[in-house]
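Colleague: Got a structure for you, questions after.
Nothing in this text is a laboratory measurement; each read-out follows from the coordinates by a stated rule. Here the structure is a predicted model, which is why all the values come from computation and not from measurement. A quick note on method: Cβ atoms are made from the backbone with ideal geometry, for glycine too, and the neighbour counts reach across all protein chains shown.
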Amino acid sequence: MDEPIVRPDPSHSLPERGISILNGMIGDYLQQRGNELALAMSLRHQGRPLALDNASLTAAHPTATRKLCVLVHGFCCNESVWTFPGGARDEERESYGTRLQQDAGCTAFYVRYNTGLPIAESAAHLDTLLAELVAAYPLPIEEITLIGHSMGGLVIRGACASARPESAGWLACVRRAIYIGTPHDGADLERFALGATGALKAFPGHVTQLIGDILNLRSRGTKDLGVGHARSAEGAAPWLASARHYLLMGTLTKNPQHPVGRIFGDALVRVPDATEAPEPEVIVFPGVHHLALAHDDTVYRSIRQICAGA
Amino acid sequence: MEKETIRQLRGLNALVADAVDAGVTRTERIHRSIARYPYAALTRIGPVAAPVRVVEYVETTITGTVYWSVRLVARVGGGVVSQVLERLDARAR
């Protein structure tokens, strides 16, 4: 009998990463133009779309468990951001998902989406996707852990807050949400870009106007990062009351109290000021920068500990 | 070639066409608005006003034709690439 053809995971390839970056920068425009580079939100298995039916889910996860974890990547990324460095071949590659599968018996699902769309729109798509996943899953689900990196955390928070009544199935299963380097209070870099655009456009010169216009081409998703939550009349999305929430934040400096660490945080997101509220619990990882937060051993150990808890 | 790759190339082709069109239109607008200043100044000088208007007309027509040609070449090129991708797509089915 012939050996099945094993196709390499394309999510690490330059074109796939390039498309994800493009979607982050101008994804709303691509969608509006009906451009085929616009990504539709989907679950991915080994870099390829995973159909949400019982047969496909069983084939992708023959040892599926009742515990699920869903990983949502951040701005301009795809699911390859979760992969630990090292391991040239697909089967050698590890991520938080594969490790949680081994260590905590969680069946991991990776989401890929157009990060240029407004966060509220991505949140609505995630709500639909999770409802479909729960409906098609071959086993009764005991618990769901949501893990979001950067913008992915905002999408998770928005999905939990704006879930439709028919989404009660997945929402009731969510035990914990882990937000890794998520700018719940907004990202300073986007605020800077907003200010720079305004300043450039205020000058009457053609060149400054042009640069301002180019800067203003950035997607709605990017602009939403400046606010930090799904824009709505109600303001910030509330935390899902039935789940535990954890903020895993990094700092550039080994000492989180160092002025550089306090001002720049993990290079893109600052550690939020301490609050007296028990939720969300904030865990800081000194010396871990923004992107590294998605594939770091110490961060994983924390996630593992969180998942082992109630 | 995989169907997914063909789909991505079609998207890239459309995006390049959009970018060229928007870029050329914007460049043309800026070019015209900047070129207007010296002509406006020279037409205030009575004796040279008439020939300056002729020069401005000729220059505007030539540059307009160049910008139009760039758009045309980009559209024709994009159309050819699109046709090739359609054929590859049909073969991949």
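Colleague: Average the reciprocal distances over every distinct pair of alpha-carbons in the protein assembly as shown, invert the result, and give the Kirkwood radius in Å.
Modeller: 23.9
Colleague: Let me ask another. Counting only residues 5 or more places away or on other chains, whose amide H sits under 5 Å from the amide H of A:Cys106 once H atoms are built in the peptide plane?
Modeller: Those qualifying (amide H under 5 Å, at least 5 residues apart or on another chain) are A:Gln101.
Colleague: Let me have the relative contact order for segment B:3-92, percent, based on Cα pairs under 8 Å that are six or more residues apart.
Modeller: The value is 52 percent.
Colleague: Would you list A:His290, A:His45 from fewest to most Cβ contacts within 10 Å?
Modeller: A:His45, A:His290
Colleague: Follow-up. How much net charge surrounds A:Asn216 when only the other residues with a Cβ under 12 Å from the Cβ of A:Asn216 are counted, with Lys and Arg +1 and Asp and Glu -1?
Modeller: Cβ neighbours under 12 Å give a net charge of +3.
Colleague: Now, a different point. List the extent of the Cα atoms of segment B:3-92 along each of their three principal axes, largest first, rounded to whole Å.
Modeller: Rounded to whole Å, the extents work out to 69, 16, 7 Å.
Colleague: A further question follows. Using θ = phi - 60° and the Karplus form 6.51 cos²θ - 1.76 cosθ + 1.60, what ³J(HN,Hα) does each residue of segment A:53-68 get, whole Hz, x for Gly and Pro?
Modeller: Karplus values, whole Hz, x for Gly and Pro: 9, 3, 5, 5, 5, 5, 5, 6, 10, x, 10, 4, 10, 8, 9, 10.
Colleague: Can you work out the Karplus-derived ³J(HN,Hα) for every residue in segment B:56-62? Use 6.51 cos²θ - 1.76 cosθ + 1.60 with θ = phi - 60°, whole Hz, and x for glycine or proline.
Modeller: 4, 4, 4, 4, 5, 5, 5
Colleague: Separate question: Helix A:297-308 sits at what angle to the longest principal axis of chain A, using alpha carbons and giving 0 to 90 degrees rounded to 10?
Modeller: Compared with the principal axis, the helix lies near 60 degrees.
Colleague: To continue, here is another question. Using a 7 Å offset from the Cα along the Cα-to-Cβ direction at both B:Thr5 and A:Thr65, what is the distance between the two label points in nm, to one decimal?
Modeller: Once both label points are built, they end up 3.8 nm from each other.
Colleague: For A:Asp185 and A:Leu210, what is the calculated FRET efficiency with R₀ set at 45 Å and r taken between the beta-carbons, to the nearest 0.05?
Modeller: Plugging the Cβ-Cβ distance into 1/(1 + (r/R0)^6) gives 0.90.
Colleague: Another question, if that's okay. Suppose every K and R has +1 on its Cβ and every D and E has -1 on its Cβ; what is the size of the dipole of chain A about the Cα centre, in Debye to the nearest 20?
Modeller: Here chain A has a charge dipole of around 440 debye.
Colleague: Then there's this: Which order do the peptides A:207-217, B:49-59, A:143-153 take when ranked by the mean count of other beta-carbon atoms within 10 Å per residue, highest first?
Modeller: Answer by packing, highest mean first, reads A:143-153, A:207-217, B:49-59.
Colleague: Continuing with this model, one more query. Could you list, by residue number, the cysteines of chain A that have no other cysteine's beta carbon within less than 4.7 Å of their beta carbon?
Modeller: Among the cysteines of chain A, those whose Cβ sits 4.7 Å or more from every other are A:Cys76, A:Cys77, A:Cys160, A:Cys173, A:Cys307.
Colleague: If you fit an axis through the alpha-carbon atoms of helix A:14-32 and take the longest principal axis of the Cα set of chain A, what angle between them do you get, 0 to 90°, nearest 10?
Modeller: So the helix axis and the longest Cα principal axis differ by about 60 degrees.
Colleague: Oh, and also: Would you mind checking the tilt of helix A:188-202 against the longest principal axis of the Cα atoms of chain A, expressed as 0 to 90 degrees and rounded to 10?
Modeller: Rounded to the nearest ten degrees, it is 40.
Colleague: Net charge around A:Cys173, counting only other residues with Cβ within less than 15 Å of its Cβ (Lys, Arg = +1; Asp, Glu = -1)?
Modeller: 0
Colleague: Continuing with the same structure: Please check which bits of segment A:35-49 a label hung off A:Gln102 would reach, taking the label as a point 7 Å along Cα-to-C-beta and the cut-off as backbone N under 19 Å.
Modeller: A:46-47
Colleague: Let me ask something else. Counting only other chains, and only Cβ atoms inside 10 Å, what mean value do you get across the residues of B:23-32?
Modeller: Per residue, the average neighbour count from other chains is 1.
Colleague: Please work out the C-alpha center-to-center distance from segment A:1-73 to segment B:45-93 and express it in whole Å.
Modeller: 39
Colleague: Putting +1 on Lys and Arg Cβ atoms and -1 on Asp and Glu Cβ atoms, find which of A:Ile303, A:Phe109, A:Pro62 reaches farthest to the positive end of the dipole of chain A.
Modeller: Checking the options against the dipole of chain A, the answer is A:Ile303.
Colleague: From the helices alone, meaning DSSP H stretches of at least four residues, give me the mean residue ellipticity at 222 nm for the protein assembly as shown, per-run term -39500 (n - 2.57), in deg cm²/dmol to the nearest 500.
Modeller: Value at 222 nm, helices only, nearest 500: -17000 deg cm²/dmol.
Colleague: For the protein assembly as shown, give the share of DSSP beta bridges that are antiparallel, in percent and rounded to the nearest 5; count only bridges with both residues there.
Modeller: Counting only bridges with both partners in the protein assembly as shown, antiparallel ones make up about 15 percent.
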